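First comes the structure, then the notes that go with it.
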Amino acid sequence: MLLLGLALAAVAAVIDVTVRVAYSGQVLPGTALDGLDVGGVSEFELRRRVRGLDVAGRTVTFVHQGRRLPISARSAGFRLDEERTARRAMRAGRDGPLAGLGATMAGLLLGRTVSPAVAVDQVQLRRTVTELARRVDEAPFVGALEIDSSTRAVSVVPPRPGQRVDKDATVAAIRAAFSREGEPSVALPVVPEPGVSRAAVEAVADQARSFLERPLRVTGIGRPYEVPQRWTSGALTVEREGAAARLALGHEALDALVVRVARQRDQPARDARIRPAAGPDQLSEPGDVDWRPRSADIAVTPARSGRSLDRDATAEAIADTVREGRNVAEATAQPLQPLVTTAAARRVDAQLGTFTTFFACCEPRVTNIRRIAAAVNGTVIAPDEAFSLNAVAGPRTREKGYLPAPFIADGEIVPSVGGGVSQFSTTIYNAAYFAGLQLDTHQPHSFFIDRYPPGREATLDYDSIDLIWTNDTSAPVLVDASSTPTSVSVSLYGQDEGRRVLAVSGARQTVAGGDFSVTVTRVIRYPDGRVAREPFTTTYDLPPDPA
């Protein structure tokens, strides 16, 4: 028997070698690649056939609770590795123990199947599995309360467990499926997500019944704010806490309640109010001016502090109160201080600067000038605060009573709603100029208009051209604006810090292709002896030809 076995082994070895020699450079007979017979084909032909394989078009179909969830190899990031697949087919029957001795003969008798080699985009595979999980995952339902708003009877909607896809197991299942032939169906690996028990939800229902016996009260912000049971009955819900459940207010309802409390209990701070007790001195000089503050009697209405509900802290306090089954929550408020305090307002003792300009009566632009003066009148600027005319007055619109009137745009005079307000801008600019305040932003008109002081004027356009100055004194500044049918005046009141202002106009200089230029120097003398010189040169174009 031993001799017979050795003889058979020798014969098999001879056949194995003979077949390998005969099929050198070819796929061994009996080899099937992905179900396709490739035995005896050359390596060149093998590569051509490999390129025709459609691995990316295959699918694996996961089955879960009667649902079929197909995943294509392409969407999962699989693609054919042609080089590895060809090498795998060429080596089939030639690899194994003792250099594959017997493998060739086995393939002749039984055949051999070679699976395509694939490359996988790991990121795309994970993304595909995540999207699959999104379609299947279901969080445990914690249960709910159904409450009759009129009787406050409480019933329970039972909880139910959830489920989630085991992503690692699903990735492994996809890999295994695409390493086999056909379009397999695979049970989707799903892990149950336990929820809370019905008994836990019933306990929450008992807590809700007790809670609804009294209204919810929010204290700590003046008079207690009471929330009736008919409102809270529609807002109570069940909230999961680990494996247990607890009573809670729904997030949207809690936010809405905090907003309601804030509307009732917020109290804005009120700045001190300042008003001159007598009419102001007026200045309208278009040329050189020497100005110093005038003492003034000022009436002050005291400031008042305010409060603002701390919404986050109050929401947390209400939420904790409901969870604990209590009915009284303490809110938290933050104090609001006025920007202009009573003490600061009482330091106002002088008319710092003033200016008046004039116009012809009864034109549409007069309405606009008087409208903007009324809008700005009474504005108080705190120390180090900037005054923006556009920000204070806002857009000039028909709804606010402004009318179409001439306006300079790109060197041309065109009608525009609010036209003419540059006269007010020029007036308040001069008031700030003679008050010695910090001038930040202004833009002169493109051509000279003789009703304005040359080189001391400012145009205005919402919201491209603004007039901005800063209160660089140590006390508040009051803007007192008034108008008549033929004039508009602005006076600025504050603390007399001893500033003296001189406006010195230079001679007009002829400008080639234009009208003229002029330099006006503001000289500010401070009580400590400092002197600031601020020259500003304005160049005017020629005015447009009259239509």
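Computed values, structure above
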| read-out | value |
| --- | --- |
| Helix 311-323 axis, angle to the chain major axis (alpha carbon atoms, nearest 10°) | 50 |
| Surface accessible to a 1.4 Å probe, Tyr429 within the full protein complex, Å² | 10 |
| For the chain, alpha-carbon Rg over 2.2 N^0.38 Å | 1.84 |
| FRET E, pair Glu324, Ser474, Förster distance 56 Å, beta-carbon r, rounded to 0.05 | 0.60 |
| Asp545 paired with Phe44, simple spin-label distance in nm, labels 7 Å along Cα-to-beta-carbon | 8.8 |
| Within the chain, percent of DSSP bridges classed antiparallel, to nearest 5 | 90 |
| Alpha-carbon centroid distance for the pair segment 226-263 / segment 448-464, whole angstrom | 58 |
| Accessible area of Glu497 in the full protein assembly, 1.4 Å probe (Å², nearest 10) | 50 |
| Acute angle (nearest 10 degrees) that the helix 251-265 long axis makes with the longest principal axis of the chain, alpha-carbon atoms | 10 |
| Residues His251 and Asp450, FRET efficiency given R0 of 45 Å [Cβ-Cβ distance, rounded to 0.05] | 0.10 |
| Förster radius 22 Å - calculated FRET efficiency between Thr113 and Asp166, Cβ distance, rounded to 0.05 | 0.15 |
| Segment Arg533-Glu497, length gained on full extension (0.36 nm per residue, minus Cα span) | 11.2 nm |
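The values are calculated or read from the model by the stated rules, or taken from the named source; none is laboratory data. Quick caveat, the model's predicted, so the values are computed rather than measured. Note that each Cβ is placed from the backbone with ideal geometry, even for glycine, and that neighbours are counted across all protein chains shown. Each accessible area value is taken on the protein alone, full model and side chains, heavy atoms only, with ligands, DNA and RNA left out. Shrake-Rupley method; radii C 1.70, N 1.55, O 1.52, S 1.80 Å.
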